[in-house]
Amino acid sequence: VQLVESGGGLVQSGGSLRLSCVASGTTSSIVVMGWYRQVPGKQREFVAQINESTGRTIYTDSVKGRFTISRDNTKTTWYLQMNSLKPEDTSVYYCRSTDWGGTDYWGQGTQVTVSS
């Protein structure tokens, strides 16, 4: 599975961005689609995930009510709609997929910068 993110950029505080992650390869094996973020010097942290079959979503507390994860009908693309962005949301955002065997795949990351 190969993952490619897009949609990052520079936005003012309070603004919105939508990130996309496109999967290719053996996408039928994907069971969980997620987003993580990482700033230099810190561990990569979980942001949100969605179950491929049930659509059940989970969010980290700091983004609840502001971010929404979704997937398209082909289940090869998923999104992170980010509203009411804050400077502390500045990070490199990575998409991740997990397959039936528990193997994780990662994208290359996309930079999100929120100015105050």
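Structural remarks
- Cβ pairs under 6 Å, 6+ apart, first in the range 74-98 and closer than 13 Å to T110 by Cα, second part of a loop (DSSP other than H, G, I, E, B): S91/V39; V92/G109; Y94/G107; Y94/G109; C95/G107
- Screening Q12 on (1) more than 24 Å from S84 (Cα to Cα); (2) open to solvent by 30 Å² or more (accessible area, probe 1.4 Å) shows it passes everything except condition (1).
- Reported count of residues in the range 99-109, each being in a strand (DSSP E or B) and open to solvent by less than 20 Å² (accessible area, probe 1.4 Å), is 0.
- Residue in the range 71-98 that is most open to solvent (accessible area, probe 1.4 Å), counting only those that are in a loop (DSSP other than H, G, I, E, B) and β-branched (V, I, T): T74
- Taking the range 74-116 as the range and being modelled with pLDDT of 95 or more, over 14 Å from the mean Cα position of the chain (by Cα) and of a type in the set (A, V, I, L, M, F, W, C) as the test, the residues that pass are L85, V114.
- Qualifying residue in the range 53-70 (condition: under 13 Å from C21 (Cβ atoms), among the polar types (S, T, N, Q) and assigned to a strand (DSSP E or B)): yes
- Test: residue in the range 56-70 that is touching a residue at least 60 places away in the same chain (Cβ under 8 Å) and surrounded by fewer than 21 Cβ atoms within 10 Å (Cβ to Cβ): no
- Scanning the range 31-70 for residues that are farther than 14 Å from N83 by Cβ, modelled with pLDDT of 95 or more and hydroxyl-bearing (S, T, Y) returns Y36, T57, T60.
- The residues in the range 15-48 that are open to solvent by 70 Å² or more (accessible area, probe 1.4 Å) and of a type outside the set (K, R) can be counted, and the count is 7.
The values are calculated or read from the model by the stated rules, or taken from the named source; none is laboratory data. Model, not experiment: these values are computed from the prediction. When we count neighbours, we look across all protein chains shown, and the Cβ atoms used for this are built from the backbone with ideal geometry, even at glycine. Only protein heavy atoms, including side chains, enter the accessible area calculation; ligands, DNA and RNA are left aside. Shrake-Rupley method; radii C 1.70, N 1.55, O 1.52, S 1.80 Å.
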